[in-house]
Amino acid sequence: MSWTDHIFEGYRRRVAELEISENPFAHGIAWTGGPDFVPIDQAKVPLLDQGFLKSDLTYDVPAVWDGRFFRLDDHLDRLEASLAKLRLTNPLGRQGMRDKLVEMVATSGIRDAYVMMIVTRGLRYIRQTPPEDCVNNCYLMVTPYLWVMDEAVQKTGGSAVIARNVRRVPAGAIDPTVKNLQWGDFTRGILEARDRGAQYPILTDGDANLTEGSGFNVVLVKDGKLFTPKRGVLEGVTRKSVLAVADKLGLPWVIDDIPVGMAYAADELLFVTTAGGVMPVTRLDGQPVGDGTVGPVTRALWKGYWDAHYDPEHSFAINYY
Ligand SMILES: *Cc1c(COP(=O)(O)O)cnc(C)c1O
C-alpha cells in the first residue's frame, strides 16, 4: 500500500466509470458563447478573437474532485482581479459564470475535472479600434482532471532543472499575478528541461532568485520551514491551500525572495498547482534533493491538501443529473 493510495484508489474507480459512460460530454464539455454546450473536440475560437491573435486575455483554472468544486470562489476572486487589471469584463458576470460552470460539470457527469474559464478582449476587426470598444468574449471548458505530474511519478518524486537558457518574463513586462497564456518563457524552459533529461523547469528572475515553473508555484522545505517565492509569480490558490495545511500542521512558512542557492540546499522540494496538487520533486539539476526520497513534510502536505477537498469550508458538492 503506497502513501498515495487513499486518494488514488477512489479516483481510479471514478475514471473507469467515466470511460464507459455514454454521455456525449464525458470527454469534455465547452461553452463558447452560443446557445448550447458543445463536446470539447468540436469547440472553436473565432480567428479574429484578440485572445487568439494577441493573447489578450486572462484565464483561471479551478478543479472538481470527487464531485465537489474545490475553492471555486478563490479562483473567481483571482479572475475578477485579473480582469480588472486588463480592463476586461466578464460577459457572464460572476454569478452567471459560476452557475454555468456548475451546470457544465453536472451535464458532463465528470467527477474529477479540470475547469478552464477564459475571458478575451474579443473580436477587433480594425487595428485602430479602441480596445474598450471590443465586446469581451468568454470561453468555458470542463475536461477530465489533468495531472501535471503522473500518479506513478508522484510516489517517488519528479525531476527538475533550474533553467539556464531562459528567465521568467519580468513583472514589468507581463504581470505574473494575472494568470496568462503567454507561455514563451515556460515553453523554452520545458524544452531545456527535456534536453537536460529532466521533467520540469524552474525559472529564475534573472537576478539569482527563484520564481516559478511552467504552471506551478515552487515550495521548498528547510529545517521544517516552508519557503516560497514572492515576486515574479502567480499567487497560486494551491500555494494558499498548502500554506493553510502547513498552519494546521504547525509548520512555519514564509513568502519572500528565495535565492537559487536555497533550492540546492533544500531538504525537500515540491511544486503546487490546481492541475496536479502537491507534486514532490526529488531530483534537481541531476542531483538528489535532500536524501532523494519524498520527504515527511511533502507527504503531510500532500495528504492535508487532498483531504481539504472534502472540507465543506472549501468545497461544495455538485448535484449530478
Ligand atoms: C495556474 C498557475 C499556477 C498555479 O496556480 P493555482 O492557483 O495553484 O492553480 C502557478 N503558476 C502559473 C504561471 C500558473 O499559470
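The values are calculated or read from the model by the stated rules, or taken from the named source; none is laboratory data. This is a predicted model, so every value here is computed, not measured. With ideal geometry, Cβ positions are generated from the backbone for all residues, glycine too; neighbour counts draw on all protein chains shown.
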Any residue in segment 168-181 that's under 17 Å from Asp77 (Cα atoms): show its pairings with residues that are within 12 Å of the ligand (Cβ to nearest atom) and in a loop (DSSP other than H, G, I, E, B) at Cβ separation under 7 Å, as long as the two are six or more apart or on different chains. Pro176/Gly232; Pro176/Val233; Pro176/Leu234; Thr177/Leu234; Thr177/Glu235; Lys179/Leu234; Asn180/Ile174
Cβ-Cβ under 8 Å pairs, at least 6 apart or on other chains, segment 270-285 side more than 22 Å from Lys225 (Cβ to Cβ) and of a type in the set (Ser, Thr, Tyr), far side near the ligand (Cβ under 9 Å from one of its atoms) and part of a strand (DSSP E or B): Thr274/Ala63
Which listed residue, of Phe70, Phe25, is under 22 Å from the mean Cα position of the chain (by Cα), surrounded by 12 or more Cβ atoms within 10 Å (Cβ to Cβ) and not assigned by TED's automatic domain parsing to the domain that holds Val294: Phe70
Only one of (1) at pLDDT below 95; (2) more than 23 Å from Val237 (Cα to Cα) does not apply to Thr32, and that is (1)
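Can you pull out every residue in segment 26-50 that is within 30 Å of Gly122 (Cβ to Cβ), part of a loop (DSSP other than H, G, I, E, B) and out of contact with any Phe, Trp or Tyr (no Cβ under 7 Å at 6 or more places or on another chain)?
His27, Gly28, Gly33, Gly34, Pro35, Asp36, Ala43, Lys44, Pro46, Leu47
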Assess whether Pro91 counts as being under 19 Å from the mean Cα position of the chain (by Cα) and touching a residue at least 24 places away in the same chain (Cβ under 8 Å). no
What number of residues within segment 228-249 are in contact with a helix residue (DSSP H, G or I) (Cβ under 9 Å, 6 or more places away or on another chain), within 16 Å of the ligand (Cβ to nearest atom) and of a type outside the set (S, T, N, Q)? 10
Exactly one of these conditions fails for Gly261: (1) outside the structural domain of Pro170 (by TED's automatic domain parsing); (2) at pLDDT 95 or above. Give me its number. (1)
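If we only count strands (runs of 3 or more DSSP E) wholly inside segment 179-243, which ones have 3 or more residues that are within 13 Å of the chain's Cα centre (by Cα) and at positive phi? Explain how you work it out, then say what you get.
Values: elements: 200-204, 210-213, 217-222, 225-229.
Filter on segment 179-243 gives an empty set.
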Within segment 200-211, considering residues that are closer than 17 Å to Asp285 by Cβ and within 16 Å of the ligand (Cβ to nearest atom), the one surrounded by the fewest Cβ atoms within 10 Å (Cβ to Cβ): Asn209
